[in-house]
Amino acid sequence: MPYATTQSMTTADDATLIEMIRSARRRLVVLAPALSTPVAIVLSNRWREMGADAVTVVLDMDAEVFRLGLGDFESMAYLNDAARDVGSLVGTQPGVRIAVIISDEETLIFAPQSKLIEASTPGPTPGPGSAPAPGSSAPGENAPAGSSGGNSNAKTQSDPDFLGHDGPAAPPPKPNAIRLSVAPADIERDLGAGPDGAMGRTIGLDNAQPATLLAVETDLQNNPPRKFDVVHTLNVFNAFFEFVELEITGLHLNRRSIRLPDELIPLADKATRDRLKTSFTPLTETKVSTRWFDLMRQELSLKYIRHIKGYGAVIRRADKEAFQLEVADLKKLAEEFSEKVGQSVTDELTSSRNKLVAAFLPLVLANPPQAWRSPFTSAPPKPEDIQSLLESRLDRAFHPLGHNLGKITVSAAFKAVTYESLSDKDFVDAAREALPDMPNLHGEAIAALANAGSIYAQQT
């Protein structure tokens, strides 16, 4: 059923705004997040004709309004040129998302519509609301001096072939505005159009500065607006939980071992052999305890993590942010702990290495390993050479253990649950058993295709 309009309820599109701006004779007030280029061209010309005192323009100078499609950044060039010509400035009102136009006594209050949302159609016909390139003119308007002039070829929703020559006509636009024959006194006052003039104005008190415009332009170059096709949509799968792996490394110092040189094993006494087979545990008597980190890992696992039998650990996406915050706190504590105990662990390693040297030195002096003997002489190696070889061999054995020993690292890795997994009955049954408090394991979202092929999803 068509959406009919009345005297008060109407549609505020570019044609409506242009008509109101052209009709102004005594005063013209425009408040909006931003304007399209065709509207800005008409407004700029009218500003020059009516003069600075009769026209007030207030916009939101934020890159986000242009990314939302509420206007064209190119429109600012026309408006600033007109403001400079008449000795005025464009006012700014951060965060404004409604629009008001006061043309003499008539007032239009409306919700601006995004021009980045378009209905995809067959053929090469441009989408609705396509703005002319900078330098082109709005219908019936002359471009500012120095521009090339010309008319836009963009189709509008009122064109019969907007949806393609063989397609159906576009549906009537929905009302998004209220049109009043008399401006409300409060709105007049706040916009500086009341009896007190600029003295009563509370909106748009700041002015658009060149530095602000440059910052907005740079922002839009780095992150430009993108159009979205609301006809071609996709159902996007969205699981409510993810696989997670919480890992804390560097614990259990008293289990760390080194591999001793093969030639020393047969020479060890019983006390040393009790601590080794082909390896040696140098920190069996360490006083550095990492048990607290073990307890914290258990606590985090109990609080946030569930185990799907046969598939792995998972976490609810609703809990993910809180979990990551606690993991970040644990990482910081681990770094502080590592800094404090690092030297203590190094000292214990040095002590353990020195004890091994003291234990093996008499043995290798009495019976040097064959590999340590010179093939060119039958004389035994010198004692100082044997000690140097022993220390060198043990230093080489201890070196891998000393690297990052005492350093505790905390990490959490996440992996998405695939659509294929939730299509697997066995997986779903196991997941429901592990997550009995989650009635729905996944949801779907409607996604609109962006022009460059990416998607914008809206949860349903």
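In summary, S338 fulfils each of the numbered conditions (1) in a helix (DSSP H, G or I); (2) out of contact with any Lys or Arg (no Cβ under 6 Å at 6 or more places or on another chain); (3) under 28 Å from I408 (Cβ atoms) with the single exception of condition (2).
Filtering the range 367-389 to residues that are among the aliphatic types (A, V, I, L, M) and at pLDDT 80 or above leaves I386, L389. For the condition touching a Ser or Thr at 6+ places or on another chain (Cβ under 8 Å), closer than 25 Å to T11 by Cβ and in contact (Cβ under 8 Å) with a residue 60 or more places away in the chain, what is the one hit in L35, L28? Sole residue among the options that is touching a Ser or Thr at 6+ places or on another chain (Cβ under 8 Å), closer than 25 Å to T11 by Cβ and in contact (Cβ under 8 Å) with a residue 60 or more places away in the chain: L28. Just checking, does the range 39-60 include any residue being touching a residue at least 60 places away in the same chain (Cβ under 8 Å), under 28 Å from the mean Cα position of the chain (by Cα) and either closer than 20 Å to A111 by Cβ or not assigned by TED's automatic domain parsing to the domain that holds L191 (or both)? Looking for residues that are touching a residue at least 60 places away in the same chain (Cβ under 8 Å), under 28 Å from the mean Cα position of the chain (by Cα) and either closer than 20 Å to A111 by Cβ or not assigned by TED's automatic domain parsing to the domain that holds L191 (or both), one finds at least one in the range 39-60, hence yes. Of all residue pairs spaced 6 or more apart or on separate chains, those with beta-carbon atoms under 8 Å, a first member in the range 198-217 that is free of Cβ contacts under 8 Å to residues at least 60 places away in the same chain and over 14 Å from S88 (Cβ atoms) and a second member that is crowded, with 16+ Cβ neighbours inside 10 Å and basic (K, R) are G200/R189; T202/R189.
In this structure, R84 qualifies as part of a helix (DSSP H, G or I), more than 14 Å from L213 (Cα to Cα) and in the same structural domain as A193 (by TED's automatic domain parsing). Condition (residue is part of a loop (DSSP other than H, G, I, E, B), under 20 Å from T11 (Cα atoms), at pLDDT 50 or above and charged (D, E, K, R)) applied to the range 118-133: is it met by at least one residue? Within the range 118-133 (the criterion being part of a loop (DSSP other than H, G, I, E, B), under 20 Å from T11 (Cα atoms), at pLDDT 50 or above and charged (D, E, K, R)), the answer is no, since none of the residues qualifies.
The values are calculated or read from the model by the stated rules, or taken from the named source; none is laboratory data. Since this is a predicted model, take the numbers as computed values, not measurements. Neighbour counts are summed over all protein chains in view; Cβ atoms, including those assigned to glycine, are modelled from backbone coordinates with ideal geometry.
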